[in-house]
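Down below is the structure, laid out as structure tokens.
The values are calculated or read from the model by the stated rules, or taken from the named source; none is laboratory data. Because the structure is a prediction, the values reported are computed rather than measured. As a convention, Cβ positions derive from the backbone with ideal geometry for all residues, glycine included, and neighbour counts pool all protein chains shown. These accessible areas exclude ligands, DNA and RNA; they are computed on the full protein's heavy atoms, side chains included. Shrake-Rupley method; radii C 1.70, N 1.55, O 1.52, S 1.80 Å.
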Amino acid sequence: MPTLKRAVADIRARRGTIALVPTMGALHAGHFSLVRIAKQRADRVIVSIFVNPTQFAPNEGLGTYPRTFASDVAALAELNTDLVWAPAMETMYPTGFATQIVPGGPAKVGLEDAFRPHFFAGVATVVTKLFIQCEPDFALFGEKDYQQLKVVTRLARDLGLKTRIVAAPIVRELDGLAQSSRNRLLAPAERAAAPALYSVLKGCAERIAAGGPLEGVLDEGRAAITRAGFALDYLEARHAETLGRLAAPIGEPIRLLVAARIGKTRLIDNVAV
Ligand code: AMP
């Protein structure tokens with residue numbers, strides 16, 4: 001029996017529960033917080049490391065995505081992770097692979113999907129495969145990738161999966177920049193400018209919460225992000241659960257979401273209002 005199947009069967013034989021933390025490696029404090037939350041939820045924690053090619057378009061830097069496998073495994077050992085699952089490409093995408101999970105709902109609201117149309121089918125397909133392989137009771141997803149969290153939550157509900165999706169708060173650097181594997185790709189000047197993304201988000205959220213005019217506040221936020229040296233993809237206020245457009249901003253839970261490029265690196269972030 002393959003190693004993963006045997007490990008999962010052993011845990012099940014002892015009536016243990018499993019939490020899965022899916023990652024693409026290049027691990028940082030954000031990932032480690034997910035592992036810690038996972039340990040509180042379940043008896044055993046599996047961390048998967050797989051840089052999933054189907055969620056990258058040809059120009060989106062699959063080749064330059066940071067890979068730090070040896071130090072990832074060492075850090076996960078420090079955290080007493082029970083199992084690291086780094087599947088081979090052939091395991092995830094066997095020759096002739098021809099099946100896709102194509103999510104709708106929060107995957108089709110005009111945020112990430114408008115700029116990365118292939119992205120959520122890639123995510124949904126790989127997450128479904130990881131769930132089939134690891135049979136987790138819980139799976140941890142960071143609010144850092146807020147639209148992804150909503151897409152996976154919807155997917156689990158729609159397919160009737162037994163895996164409970166658990167959301168984890170965003171872990172930030174001291175200057176507010178959301179931790180991300182992609183931060184390693186920032187040149188020093190870009191790294192110095194990058195915290196503007198969060199400070200603008202926070203400023204907009206405070207003004208909207210205080211009753212400021214939604215579109216006016218967002219327009220000023222968009223201009224501030226551009227002034228900080230970013231090429232803006234979007235800065236939007238959406239319904240925090242459906243990610244749909246706000247019908248009546250008052251009384252609805254609001255999430256602000258941003259994606260912007262600095263140099264060759266694309267960063268995303270979000271905050272609650
Ligand atoms: P990735 O390796 O970038 O695919 O991320 C794996 C998981 O870690 C996803 O569920 C992300 O949302 C989560 N994650 C990444 N960065 C952070 C962060 N700064 N805070 C919390 N969760 C994060």
(request) Please name all residue pairs, on different chains or six or more residues apart, with Cβ atoms under 7 Å, provided the first residue is in region 156-181 and is under 20 Å from A124 (Cα atoms) and part of a strand (DSSP E or B) and the second residue is at pLDDT below 95 and within 7 Å of the ligand (Cβ to nearest atom). (result) none
(request) Mind listing whichever residues of region 81-103 are among the acidic types (D, E) and either surrounded by 16 or more Cβ atoms within 10 Å (Cβ to Cβ) or under 20 Å from the mean Cα position of the chain (by Cα) (or both)? (result) D82
(message) With the structure loaded, tell me whether P253 is open to solvent by 40 Å² or more (accessible area, probe 1.4 Å) and touching a residue at least 12 places away in the same chain (Cβ under 8 Å) or whether it fails that test.
(response) yes
(request) Check G211, G216, G229, G244 and return the single one that is part of a helix (DSSP H, G or I), open to solvent by less than 80 Å² (accessible area, probe 1.4 Å) and not aliphatic (A, V, I, L, M). (result) G216
(request) Please tell me if A26 is over 19 Å from S181 (Cα atoms) and within 13 Å of the ligand (Cβ to nearest atom). (result) no
(message) Six or more apart or on different chains, Cβ atoms under 7 Å: show the pairs whose first residue is in region 204-218 and within 14 Å of L246 (Cβ to Cβ) and whose second is open to solvent by 80 Å² or more (accessible area, probe 1.4 Å).
(response) V217/R207
(message) Residue under question is A107, and the condition is that it be within 16 Å of the ligand (Cβ to nearest atom) and surrounded by 21 or more Cβ atoms within 10 Å (Cβ to Cβ); does it hold?
(response) yes
(message) For region 12-22: of the residues being surrounded by fewer than 22 Cβ atoms within 10 Å (Cβ to Cβ) and either without any contact (Cβ under 8 Å) to a residue 40 or more places away in the chain or under 15 Å from the mean Cα position of the chain (by Cα) (or both), which is farthest from the ligand (Cβ to nearest atom)?
(response) A13
